[in-house]
1. Here is a list: Phe518, Phe481. Which entry is under 16 Å from Ser401 (Cα atoms) and either at pLDDT 95 or above or not acidic (Asp, Glu) (or both)?
2. Just to check your reading of the model, which residue among Tyr343, Tyr349, Tyr369 is at pLDDT 95 or above, assigned to a loop (DSSP other than H, G, I, E, B) and over 27 Å from Ile277 (Cβ atoms)?
3. Of all residues in the range 412-435 being hydroxyl-bearing (Ser, Thr, Tyr) and within 15 Å of Ala485 (Cβ to Cβ), which is modelled with the lowest pLDDT?
4. Among the numbered conditions (1) surrounded by fewer than 19 Cβ atoms within 10 Å (Cβ to Cβ); (2) more than 26 Å from Leu386 (Cα to Cα); (3) modelled with pLDDT of 75 or more, tell me where Glu229 comes up short.
5. Return yes when Val184 is modelled with pLDDT of 80 or more, of a type in the set (Val, Ile, Thr) and part of a strand (DSSP E or B) and no when it is not.
6. If the requirement is being modelled with pLDDT of 85 or more and farther than 29 Å from Ser232 by Cβ, which of these qualifies: Gly295, Gly289?
7. Could you please give the count of residues in the range 410-429 that are among the aliphatic types (A, V, I, L, M), buried (at least 21 other Cβ atoms within 10 Å of the Cβ) and closer than 16 Å to Leu274 by Cβ?
Amino acid sequence: MKRIGTIIISLVLVLGLTQCKKTEQPTADNTENTIAITLSVGGNNGNAKVDVDPSTGTVDFEGGDIIYVGSGGKYVGMLTHNGNHHFQGNISDPVEGEPLQFYFLGNVTPEETLGAGTTEECSVVISDQTQRLPVISCAPSNEDFSLTNTTYTAHLLNKCSLVKFSVSTPSAAPICVTGMYNKVTVDFVNNTVAYSQDGDGILMLPGGAGQDVEKWAIVLPQPALEEGEEGSVYSSANYTGIRPAMPEVLVNAYWQAGIALEVSTTPVGTLKGLFTINNTGTQVFFSQGNLQYIGSAGNGDDNNTGAYWKFAEHQWDYLGNNGQNSTTKTIDRDLFSWGTSGYDHGAYYYQPWTHGSYNNYYAYGSYTYNLHDQTGQADWGYNAILNGGNQENSGWKTLASGQWSYIFYSRAASTVNGTANARYAKAQVSGRYGILLFPDAYTHPDGVTQPGGINSTAATWNLNNYTIEDFALMEASGVVFLPAAGNIDGNVQGVGTYGYYWSSSTANSAANATGLHFYSSSTSNTSVSVSTISRGLGSSVRLVRNAQ
């Protein structure tokens, strides 16, 4: 879907890890061909690797770190850091007259089962970087191995870059960047390290919401990347965006000035525009289309098991007179009586296929309750919505009546075609009538006819007529379109003539709840109004979710 800047990643390739000098002091174990080695590490100040110094790139080892040893084209054993400047361990059958090969693989367990004297290759995937930085380094010993030589030295050279991400996001979940090299393969035969992409090439950065939160990651050498597709950056199932183009990443890179990258992202299933809904400044994203119940996917049992909820693919989509005025469970529908979320919240009728008298639709069993009250299950947004993250109770909601009113009548919105605080205009998109909602910040796209009749209840549908192509440009700039999908009052009626959209608010009367309704034209202000709607009247649902 469309997206907006709520995750900003500022990528700084900072001294992508300079050389770390390690001094090895192996000692021979005279028991056959097994050698006990003690590796002395110089310069260790006791810090964990997650405390790597970005100004120097120095990496400090800590207790439990593991180094894998190769010799003669085979893996021959591993050494473990003892927490006191030393690595210790046994190696088997090292080849005399050749250097030992040392590989530090970020303490990520190899995918293969290693066997001393038999394993010729191993690989690690460094996707998960939420707990520690998986630094990759390796080097041969400066001296050839000999049973008579007990002292060895080497410089472990880093084969990766240290990268700082400055992330701004409302999601506390880890941030995943895709399309990256995230797999390291060690070839013990040729003593080489190769880099590749495992799966979607995910690098998962630590969680934490906020503005400009610093997150460090290890990035492997890789060629320059073109901009990714939708979903190439995401956080949990609810926030998604596009990974920007990235420059080539070199071994041990150092770009002191940094590279600023922005990732545009919104929750899954939302449109780009932000809309203020109250005088305290709360902003929301609208869903990509009206809510639909796909009853045809169900098996027709008591709960119509298998049916699901989704957003219409396009803003102008509606189902119309497809038989949804019947109580047949397996009919697809997008016009609902009030509170028919499918959860048993205490109303007599709560399933989306029900139609009946107003007094059957009391949220939580009383006409005084709003949809958001009690458990919140009377609100359609409580459902898992297939193309809206597909998670129950994930933040989708129906606007309250006062919030609908604020959007239409009180927002300090953009200036459009010379009209300050332009909030709405009647229009037709792809031949379908409805209401355009302009976001708080909006720039009308060049080459597209400027909208007229802004904030006018007396305007007609035909004043603004947009093709799919022109509207796509407006939508990319944040415009919302509410189609005139009609309603159900016994029969489906008024399709293409008027629109009825529920709010979550009761009218505090037995007969009515509240919602938005609009018509083609009128000399009175009832052409666009937020007022009472009979609870049993089948109306459209357009969900929103908070920007923070």
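1. Values: Phe481 fails: under 16 Å from Ser401 (Cα atoms).
Phe518 is the lone residue from the list that is under 16 Å from Ser401 (Cα atoms) and either at pLDDT 95 or above or not acidic (Asp, Glu) (or both).
2. On the way: Tyr343 fails: over 27 Å from Ile277 (Cβ atoms); Tyr369 fails: over 27 Å from Ile277 (Cβ atoms).
Among Tyr343, Tyr349, Tyr369, only Tyr349 is at pLDDT 95 or above, assigned to a loop (DSSP other than H, G, I, E, B) and over 27 Å from Ile277 (Cβ atoms).
3. First, pick out the residues of the range 412-435 that are hydroxyl-bearing (Ser, Thr, Tyr): 414-415, 419, 424, 430, 433.
Next cut, within 15 Å of Ala485 (Cβ to Cβ) only: 430, 433.
Values: Ser430: 93, Tyr433: 96.
Filtering the range 412-435 for residues that are hydroxyl-bearing (Ser, Thr, Tyr) and within 15 Å of Ala485 (Cβ to Cβ), the one modelled with the lowest pLDDT comes out as Ser430.
4. (2)
5. Working: modelled with pLDDT of 80 or more: yes; of a type in the set (Val, Ile, Thr): yes; part of a strand (DSSP E or B): yes.
The answer is yes for Val184.
6. After applying the criteria, what remains is Gly295.
7. 3
Condition check ((1) surrounded by 22 or more Cβ atoms within 10 Å (Cβ to Cβ); (2) modelled with pLDDT under 60) across all residues:
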position	(1), (2)
Ala36	no, no
Asn45	no, yes
Asp53	no, yes
Gly57	no, yes
Tyr68	yes, no
His86	no, no
Glu98	no, no
Phe102	yes, no
Leu105	yes, no
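The values are calculated or read from the model by the stated rules, or taken from the named source; none is laboratory data. Since we're looking at a predicted model, the values are computed, not measured. FYI the Cβ positions are ideal-geometry reconstructions off the backbone, even for glycines, and counts take in every protein chain you see.
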